[in-house]
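The values are calculated or read from the model by the stated rules, or taken from the named source; none is laboratory data. Model, not experiment: these values are computed from the prediction. Positions of Cβ are generated from backbone atoms using ideal geometry, with glycine treated the same way; all protein chains shown enter the neighbour counts.
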């Protein structure tokens, strides 16, 4: 097989399709009667980022995978340093200190931390004496994920922190004990319940389930089970309390509002619910085939905020309709399945885990972003991969893609 | 390793998202409506309403700018509110309330601060506009009248009401519609057809450009100007002649059916129904139930026709062959038409009248005999009355005549069935209903029907439907106004009647109507009439009526004049008709003394009797 044919053109084509859709829709979303030049400027900037990203992908094809495996730790440390450095040199944009301003461009190191964390986790799991089922090993993995997540959370940028934490799913796929996913699920359940029905009722529920559980067991077993069950109940109560505490005391009102609107506890289409209401109107009014390119009334009227970045999907929904949205989702699903397919064909654990990290990051980005604009998930500010306006995000995903393509290329060597 | 974990996640969440998008974009209609509501503005472009001209091309109705003071609250900065209040005669509380209301509606979209500012206020305001940031002036178009008369013909326009909106999907709230007169009949022509302009709004309610690049927009169809058959000089002259009298004059050109004038007094100046005072003025007009300013006496007034009706009976009798022009009856200052039932007449006792003398002396005895011959012929009153009815209907009696004005009354011509209800077992005959002979019975006619009868006699047997529109720009008037309507009376029977009418003016009851150089034909009428005062049927002073046409052999004008409670035909109606004819045929009036007497003459005291609550005498 010659070199060109071995290259994963399939993924490359999906990538090109997605970025083209991105450029088209960024232009439409940024199109503004007050400032006609703005759309051109923004598309030019995004195009430059795309050229740089393309350059990265090209260069990465000539770098051996072993290089990444060897230097993963160093990349990881540099990334952590860049995150920490934000405290000193970062500039604040819309409330979060997560940017380095370099010339006319601004860089967001947390985007690149996603790649670095994926590399670090891959290297950790890939080393020959690591077994994810062992507590020592999974604790190290947790720490590797946790440090950048905490640094990002402190900026504060909870959205990106959530993305980093999602690498936990990769650990699960790699065989992390079931205990953790159970804890995660019950924690999520408790979290939602606490917000929905209040702390006291959750306490009542926990106590009731504890009693019911114990009474259902045989008498002689009760004694041994009691302490274990009681401990779980206590932890649950503690968790519930802290959820409520964080929600009421640590969160700001805007965060609370986001959850409340989603849970249907508050309805206010003009005030705090404006974003989500407008984005649903834009998408919903696209109907089957959309209003046509540059014809979206909501998009042109500027009704949807942040439209070229986090809410870019509303432009697609309005101007291309259901046909457009389903096409984009299909493109993403095809790309993710392709990467997944490639991941499990990799010979080395390092490559496999890195590819899974890529899939995982993509998956969370797409699900959370689209889930947010269609009103299924609370407002969490993360971009739609390859499509949203924003150089750092695009470059980070280009790095992911570049390394992934090299891995697949090298596998068939 | 859990190799299917991610595939499971990707498929399940992918399905959830697709399902959600399906329900959002395909199933739910709601978002599309919301989107159109908040981002698309439908704006109408109205063509300027058409002009109205008189038959000689004089402009009667045009348009004038009216000004709305608009406000964009976001752009308002502190300004001298007192100054603005002074110019517009508002108090500052009111202004504050209006500003708040506008702010509540939208902070960036314009709303009306004060509507319908006159030209005068606008002139003052315009010079000071720089002092009031955030305010601006929007021009709109309302009617402008170049005449003080003819309000009853021109009608008026007003904002559409609930029923207009229900009846015609074309209209939307706040738009204008012709409500009365020509404005109503020719609404479609005068209005044109509005165009639509779809505009795109942004989140601040600002207009940011055309929607879909104007693909859905439509251009307005221009309105059409209308030339009326009215001669405005004649209309003005007629209005002056009827000053301080209740009545109507309606004149028709016999050779075309064109209505030359249609006066109803008292009336109002059309311009009072324009501008900020419109609704106050309109209520005032509507509430005046004594003068009935909105009531068109020429078209809607139903009167017993009185003596002019005699000429119709003569025509029917001639057609039915029950009399000849030389048939004679003797009058004894009246006659007994039944036992102890005497009908008086102005003739000297023993006067022998033929048809010609019967008409110009207006002999009641003569026409009672004629009428009884019509009805009692062959002892068959049932059939004969219906024949009589049929002949009268061919003159347009008991019918709206089909003219192009929205108001009118049909009048009434009785048939046999009518009397069969009154008199059981068909026990009635000519003498029972002899009042009809002299136009006093159950017959009701409007002045326009009387004028039309005059025109028909002038034409010797046919008429054109009377109408107000002479020309429509880029269009033509209805064909039915161009078609001759023949009566059921043969042409040869008209000449004896016309001769009789000529003698009315030459040596009969209306000698005052004679105009040197022209042969005028006419017939006077003196009409008994009654009203109810506090529930008691009370007779009032007789109406003065006159129908005429001239010149006799080449008729140019036919008309009917009624002056309510004017005592007798020759007193008011005949001189007024004669002055109108003179003015129309000669262009100017030589008989200034008569003109003065008519213009100065007032019947205000006569009308005051009814409301005086005191006993009064009539016909004095």
In this structure, does residue A:258 turn out to be under 28 Å from the mean Cα position of the chain (by Cα), over 30 Å from residue A:36 (Cα atoms), part of a helix (DSSP H, G or I) and modelled with pLDDT under 80? yes
Counting only residues that are part of a helix (DSSP H, G or I), in contact with a strand residue (DSSP E or B) (Cβ under 8 Å, 6 or more places away or on another chain) and touching a residue at least 12 places away in the same chain (Cβ under 8 Å), how many does segment B:122-143 have? 2
Tell me, which residue of segment A:261-275 that is away from chain B (no Cβ under 12 Å) and crowded, with 18+ Cβ neighbours inside 10 Å is modelled with the lowest pLDDT? A:272
When (1) at pLDDT 90 or above; (2) surrounded by 14 or more Cβ atoms within 10 Å (Cβ to Cβ) are applied to residue B:321, the one that fails is (2)
Can we say residue B:279 is crowded, with 18+ Cβ neighbours inside 10 Å and out of contact with any strand residue (DSSP E or B) (no Cβ under 8 Å at 6 or more places or on another chain)? no
Kindly provide the set of residues from segment B:499-511 that are out of contact with any strand residue (DSSP E or B) (no Cβ under 6 Å at 6 or more places or on another chain) and in a helix (DSSP H, G or I), ordered by number. B:499, B:500, B:503, B:506, B:507, B:511
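Please pick out the residue among A:68, A:128 that is more than 26 Å from residue A:159 (Cα to Cα) and surrounded by 20 or more Cβ atoms within 10 Å (Cβ to Cβ).
The unique qualifying residue is A:68.
Considering segment A:336-348 alone, what residues qualify as being more than 10 Å from chain B (Cβ to nearest Cβ) and either outside any loop (DSSP other than H, G, I, E, B) or free of Cβ contacts under 8 Å to residues at least 40 places away in the same chain (or both)?
A:338, A:342
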Could you go through segment A:142-150 and let me know if any residue there is without any contact (Cβ under 8 Å) to a residue 40 or more places away in the chain, over 19 Å from the mean Cα position of the chain (by Cα) and not assigned by TED's automatic domain parsing to the domain that holds residue A:357. no
Determine, yes or no, whether residue B:437 is in contact with a strand residue (DSSP E or B) (Cβ under 8 Å, 6 or more places away or on another chain) and either within 19 Å of residue B:524 (Cβ to Cβ) or in the same structural domain as residue B:313 (by TED's automatic domain parsing) (or both). no
Can you find even one residue in segment B:181-190 that is more than 14 Å from chain A (Cβ to nearest Cβ) and free of Cβ contacts under 8 Å to residues at least 24 places away in the same chain? yes
Of the residues A:348, A:392, only one is in contact with a strand residue (DSSP E or B) (Cβ under 6 Å, 6 or more places away or on another chain), surrounded by fewer than 23 Cβ atoms within 10 Å (Cβ to Cβ) and either outside the structural domain of residue A:195 (by TED's automatic domain parsing) or modelled with pLDDT under 95 (or both); which? A:392
Go through A:50, A:24, A:86 for me and flag whichever is surrounded by 15 or more Cβ atoms within 10 Å (Cβ to Cβ), assigned by TED's automatic domain parsing to the domain that holds residue A:116 and part of a helix (DSSP H, G or I). A:86
Would you please name the residue that is nearest to the chain's Cα centre (by Cα), looking only at residues in segment A:193-207 that are closer than 14 Å to residue A:232 by Cβ and surrounded by fewer than 16 Cβ atoms within 10 Å (Cβ to Cβ)? A:205
Only helices (runs of 4 or more DSSP H) wholly contained in segment A:131-224 count here; list those with 3 or more residues that are closer than 29 Å to residue A:369 by Cα. A:135-153, A:158-165, A:168-173, A:178-197
Please indicate, with yes or no, whether at least one residue in segment A:96-107 is assigned to a loop (DSSP other than H, G, I, E, B) and farther than 30 Å from residue A:252 by Cβ. yes
Yes or no: residue B:406 part of a loop (DSSP other than H, G, I, E, B), touching a residue at least 40 places away in the same chain (Cβ under 8 Å) and under 28 Å from residue B:463 (Cα atoms)? yes
State all residues of segment A:287-333 that are outside any helix (DSSP H, G or I), at pLDDT below 90 and at the interface with chain B (Cβ under 7 Å from one of its Cβ atoms); if no residue qualifies, say none. A:287, A:295, A:301, A:302, A:303
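Yes/no per residue for (1) without any contact (Cβ under 8 Å) to a residue 40 or more places away in the chain; (2) out of contact with any strand residue (DSSP E or B) (no Cβ under 8 Å at 6 or more places or on another chain); (3) in the same structural domain as residue B:403 (by TED's automatic domain parsing):
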{"position": "B:487", "(1), (2), (3)": "no, no, yes"}
{"position": "B:513", "(1), (2), (3)": "no, no, yes"}
{"position": "B:523", "(1), (2), (3)": "no, no, yes"}
{"position": "B:529", "(1), (2), (3)": "no, no, yes"}
{"position": "B:536", "(1), (2), (3)": "yes, yes, yes"}
{"position": "B:540", "(1), (2), (3)": "no, no, yes"}
{"position": "B:543", "(1), (2), (3)": "no, no, yes"}
{"position": "B:547", "(1), (2), (3)": "no, no, yes"}
{"position": "B:551", "(1), (2), (3)": "yes, no, yes"}
Applying the selection to segment A:369-384, what residues are assigned to a loop (DSSP other than H, G, I, E, B), within 14 Å of chain B (Cβ to nearest Cβ) and over 22 Å from residue A:396 (Cα atoms)? A:374, A:375, A:376, A:377
Scanning for something more than 14 Å from chain A (Cβ to nearest Cβ), buried (at least 18 other Cβ atoms within 10 Å of the Cβ), over 20 Å from residue A:301 (Cα atoms) and touching a residue at least 60 places away in the same chain (Cβ under 8 Å), does segment B:202-221 turn up at least one residue? no
Going residue by residue through segment B:454-462, is there one that turns out to be within 25 Å of the chain's Cα centre (by Cα), in the same structural domain as residue B:319 (by TED's automatic domain parsing), touching a residue at least 12 places away in the same chain (Cβ under 8 Å) and more than 30 Å from residue B:346 (Cα to Cα)? yes
